[in-house]
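Shown next, in structure tokens, is the structure this report addresses.
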Amino acid sequence: MYQIIDGKKISQEIKDELKEKTAALKAQGKTFALAVIQVGDDPASSVYVRNKKRACEYIGIESVSYELPRETTEEELLRLVRELNEDPKIGGILVQLPLPEQISEDKVLLAISPEKDVDGFHPVNVGNLSIGRPGFISCTPAGVIQLLKRSGIQIEGKECVVLGRSNIVGKPMAMLLLRENATVTVCHSRTRNLKEITRRADILVAAVGKPRFIDADYIKEGAVVIDVGIHRNEDNKLCGDVDFDSVAPHTSAITPVPGGVGPMTIAMLMYNCVEGAGRNLD
């Protein structure tokens, strides 16, 4: 029988630990605020922002919200980011993506100070990850590592396959697995003989962005399958990159969608916030 990896439960454990750490930092006189910037009123973005604010409230971090109109110019947003970089009260800056088309996401992410880049997207933090130096780590891949470790799944020495090479998930995921002494293969849209490669995986991380793309033919018997995807199916129900019903019986452990990787992303964002506050404590 396979193990269902419960992201809701594990993310709650992490948030409870962070709540204690936040209280300890406050006792040392350290306060910390997360600035959350949303441009426009995209419904999905609004849900994510609301969940982030709720998580801040739970662990005891102040969140400062900036809800800007869709017509906001790139220069106006960059000016706000620069002001927040200079504000000693603000320990983390989060710009909710996607941004309207008149604003360059790259320019905005580059403008955030690496010391306040709690999303882990700035090239300085990405570079730190690649050479093993301390820095903020992209939240979703960091959450996957915590799911594996806290579920008693050994990473060291395992053959891991990451499906997807995005800057936000695929590439940092591969680097984090390497850091844990796994042997890592990254697959993408141009990979040949994909099923041959994925069937070698002891741990398969699916971040391919295609609903229910991975079926039982892609899985080695007894593999661990981590599903990073999130989509709406034809019945408007949430599903992932993995066809759960056909794949699960062939695994030793698998994440569901919803309730797997999703809750971990916000938990690790909170982790980055608290770690940043601790680092800055003199």
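Annotation: amide H-H contacts under 5 Å for A223 (H modelled 1.01 Å from N, sequence separation of 5 or more, or interchain): S252. With contributions of -39500 (n - 2.57) from each DSSP H run of at least four residues, the per-residue ellipticity at 222 nm computed over the chain stands at -12500 deg cm²/dmol.
Mean silhouette area of the chain, derived from the convex hull of its C-alpha atoms and averaged over all directions, reads 15.1 nm².
Restricting attention to the chain, close to 5% of DSSP beta bridges with both partner residues there are antiparallel.
Rounded to the nearest Hz, the phi-derived 3J(HN,Hα) couplings of the range 13-24 under the Karplus curve 6.51 cos²θ - 1.76 cosθ + 1.60 (θ = phi - 60°) are 4, 5, 5, 5, 5, 5, 4, 5, 5, 4, 4, 5, where x marks glycine and proline.
Over the range 139-262, the pair-distance histogram of Cα-Cα distances with 10 Å bins from zero comes to 14, 51, 32, 3, 0 percent, rounded to whole numbers. Proximity of backbone amide H atoms, modeled 1.01 Å from N, is registered between A33 and G91, G92 at under 5 Å, excluding neighbours fewer than 5 places apart on the same chain.
For a straight C-alpha distance cut-off of 12 angstrom, the aspartates and glutamates reachable from K220 (same-chain residues fewer than eight places away being disregarded) are E159, E196, D202.
Phi angles across the range 142-153 convert, under the Karplus curve 6.51 cos²θ - 1.76 cosθ + 1.60 with θ = phi - 60°, into 3J(HN,Hα) values of 4, x, 4, 4, 5, 4, 5, 5, 6, 9, x, 9 Hz, Gly and Pro given as x. Relative to the Cα centre, the charge distribution of the range 145-281, modelled as +1 at Lys and Arg Cβ and -1 at Asp and Glu Cβ, gives a dipole magnitude of about 460 debye. Between L18, L77, L97, the residue with the greatest mean-square fluctuation in the GNM of the chain (Cα pairs under 10 Å linked by springs) is L97.
For the range 29-113, averaging the sequence separation of C-alpha pairs within contact (under 8 Å, six or more residues apart) and dividing by the residue count gives a relative contact order of 42 percent. Of the residues A253, G276, I61, the one whose Cα sits farthest toward the positive end of the charge dipole of the chain, with +1 on the Cβ of Lys and Arg and -1 on the Cβ of Asp and Glu, is A253. Of all lysines in the structure, the ones whose alpha carbon falls short of 23 Å from that of K30, not counting any fewer than 8 places away in one chain, are K15, K19, K21, K52, K53, K89, K116. Would you look at the GNM of the chain, springs on alpha carbons closer than 10 Å, and say which of G143, G170, G132 moves the most? Of G143, G170, G132, the most mobile in the Gaussian network model is G132. Structure remark: mean-square fluctuation, Gaussian network model of the chain, C-alpha springs under 10 Å; the largest value among T198, T183, T73 belongs to T73. Relative to the Cα centre, the charge distribution of the chain, modelled as +1 at Lys and Arg Cβ and -1 at Asp and Glu Cβ, gives a dipole magnitude of about 620 debye.
Just so you know, all these numbers are worked out from the coordinates, no wet-lab data involved. Predicted model, so just to flag it, every value in this text is computed and none were measured. No Cβ is skipped: glycine too gets one built from the backbone with ideal geometry, and neighbour counts run over all protein chains shown.
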